[in-house]
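The values are calculated or read from the model by the stated rules, or taken from the named source; none is laboratory data. Please read all numbers here as calculations on a predicted model, not as lab measurements. Note that we place each Cβ from the backbone using ideal geometry, even for glycine, and neighbour counts take in every protein chain shown.
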Amino acid sequence: MHSAPSLTQSDASPAGTVASLLAEKLREMGVAQAFGVMGGAIAPFFKAVFERDINVVHCRHEAGAAFAAIEASIATRRPVLVFTTAGPGISNAITGMLAARWEGAQVIFVSACSSPAHRGRVATQETTQQTMLGTGLYMAGGPLHFAATIDHPQQLGPTLAQLANGLRRPGAFVAHVSLPIASQNAMVAAAPVLPSRPRLAANRNIAAEHASLLSQGSFVIWVGFGARHASESVRRLAERSGARVMCSPRAKGVFPEDHPQFLGVTGLGGHTEVDDALAADRPDYILVLGTRMGESTSFWASELTPAKAFLHVDIDPSVFGTSYPEVQTIGVAADVEEYLQSLNELLPAATSKPERRERPRASLSARTAGAVRPQLLLQEVQRVFVDRAGAWLMAESGNAFCWATHLLRFNEPGRYRVSTGFGSMGHATSSVMAAALTHRRQAVALVGDGAMMMMNELHTAVQYRADAVWIVLNDSCYLMCAQGMQMMGWEPFSCELPPVDFVALAKAVGAQGVRIERETDVREALESVARMTGPVVVDVSIDRAEVPPTGRRNRSLMQQGFGATNKS
């Protein structure tokens, strides 16, 4: 995580405008990338950002900009700026801001609002607390971690201090700074000085207590997205202790998926054999590292619970005991890496190791007739993009992330991204552009045709020459919805979509397009795409008869009362 430098009063720069000083201080806090859409009301701040050493990507939609900022922040572990104009610019970005908090990103959202003298006078795109969903976006304690409106230049200093301190907290920090038009060009008498960063020490006593418990009983390690920076320490602990390992969908690759101690992925798109393995050999403890164990990670399955207790390590203490309130939870608020460093030093090495187990990979042969099965497509995506090209990959909300989470395998962290919690359609179709620019290598998004038509930043990728690839599962249907209806015993309705020629769409905006209609063409086509530069859309005719591993999601809906209220 980037830390702001400690400044003294003698280091303070000359006074400037609110807009220029805010942009300057955001850069000092580590902001190196900005995504957004400019409008007249935010123009002074946009100009100030553009003149700083901040890489600006001017997007086509504010929601796309917000999703792009999420992936850029997660990839770099630095804060990223989102800028919008007033009114609809803000409302368009709200979904992305909520997703940013859920995903664990650090995003500073700066928007324009109406100046005090014009509020209540029906200004163009009038933007106040009253016109924009109340106080939640404008006051601390709402859906974001911090919010402030700078009506007066003297408010800039306290706001910057709150931002600097918020960015130093572990985990997500999503803040909204609202700039009235009149304030942006207002002069600040003295440039604010950012506070210095305090340093916290890890508590070895807690690790010692946990080492004592784990050495006296069996345990399984449950790895989450919050442990992605501690991959080597997780592996060291597993091999030192002989513990079996499972992971959440977002944590694929934190522990090598081809490792003999790896059980599989839990939750949405995961592997039912994980539940079976723990049901057959229930551990005394489950060491939970950086996952909230929510519905998409666990479906609150009783099979995934320990005989004695969860030992839950997370930077956010509010998650302890929430997903499984009926199970004893011993929580510790700590950074996973610091915790594991101590635990690895204190835990005795196991005298025996578990039996080696292999998870065989299914191998399909290409058929000559019919549309492309998702399983065959993912098999070739694994071979071409994951194993050979080393591409970054993301799966979109819907069947795409169920197939990808279930079938793809990663042996290193930071290669796979999926939003199973907030699960916004349009997240991957927009953010793959930012991932390609940030990682400086080819980034691939597996997306549905519905999501691709809902939103994408394809045109932005063309403008910035991003090496982004959209693999579109084209079935002319909201297929996850249709298949879910079938599982509920319904005849699907209102799910069909008019056919779309995504190759033509790609070429119309200046991107490259590749069409795949038969399985015998998949391998050669993907190998060709892996050699291309710039944005590419791969239009794949998908076999709608194949059902992805979504049964648990439907069962969870039934348990939550869906069946009880929809028996007719």
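Brief remarks on what is shown
- Residue check, GLY96 touching a residue at least 24 places away in the same chain (Cβ under 8 Å) and at positive phi: no
- Pairs meeting the criteria (first residue in segment 42-69 and part of a loop (DSSP other than H, G, I, E, B), second residue of a type in the set (Val, Ile, Thr), beta carbons under 6 Å, at least 6 apart or on different chains) are CYS59/VAL37; CYS59/THR460; ARG60/THR460.
- Taking the criterion of being outside any helix (DSSP H, G or I) and small (Gly, Ala, Ser), the residues of segment 204-240 that qualify are GLY217, SER218, GLY224.
- Condition met for VAL372 (farther than 17 Å from VAL547 by Cα and not aromatic (Phe, Trp, Tyr)): no
- For ALA466, the requirement of being in contact with a helix residue (DSSP H, G or I) (Cβ under 7 Å, 6 or more places away or on another chain), closer than 23 Å to SER296 by Cβ and small (Gly, Ala, Ser) is not met.
- Enumeration of residues in segment 38-74 that are under 20 Å from GLY16 (Cβ atoms) and either among the β-branched types (Val, Ile, Thr) or surrounded by fewer than 24 Cβ atoms within 10 Å (Cβ to Cβ) (or both): ILE42, ALA43, PRO44, LYS47, ALA48, VAL49, PHE50, GLU51, ARG52, ASP53, ILE54, VAL56
- For segment 223-278, taking the residues that are polar (S, T, N, Q) and within 16 Å of ARG415 (Cβ to Cβ), the one that is surrounded by the fewest Cβ atoms within 10 Å (Cβ to Cβ) is identified as SER231.
- Single match in ALA428, ALA362 (criterion: under 26 Å from VAL547 (Cβ atoms), out of contact with any helix residue (DSSP H, G or I) (no Cβ under 6 Å at 6 or more places or on another chain) and buried (at least 24 other Cβ atoms within 10 Å of the Cβ)): ALA428
- Of all residues in segment 410-420, at least one satisfies being touching a residue at least 40 places away in the same chain (Cβ under 8 Å), assigned by TED's automatic domain parsing to the domain that holds GLY484, within 22 Å of SER528 (Cβ to Cβ) and surrounded by fewer than 24 Cβ atoms within 10 Å (Cβ to Cβ).
- Hits in segment 49-77 - residues which are closer than 18 Å to ALA164 by Cβ, modelled with pLDDT of 95 or more and not β-branched (Val, Ile, Thr): SER73
- Candidates ALA443, ALA451 - the one that is more than 13 Å from the chain's Cα centre (by Cα), free of Cβ contacts under 8 Å to residues at least 60 places away in the same chain, within 19 Å of PRO499 (Cα to Cα) and crowded, with 24+ Cβ neighbours inside 10 Å: ALA451
- When GLU338 is tested against (1) more than 21 Å from MET480 (Cβ to Cβ); (2) at pLDDT below 95; (3) not in a helix (DSSP H, G or I), just one condition goes unmet, and that condition is (3).
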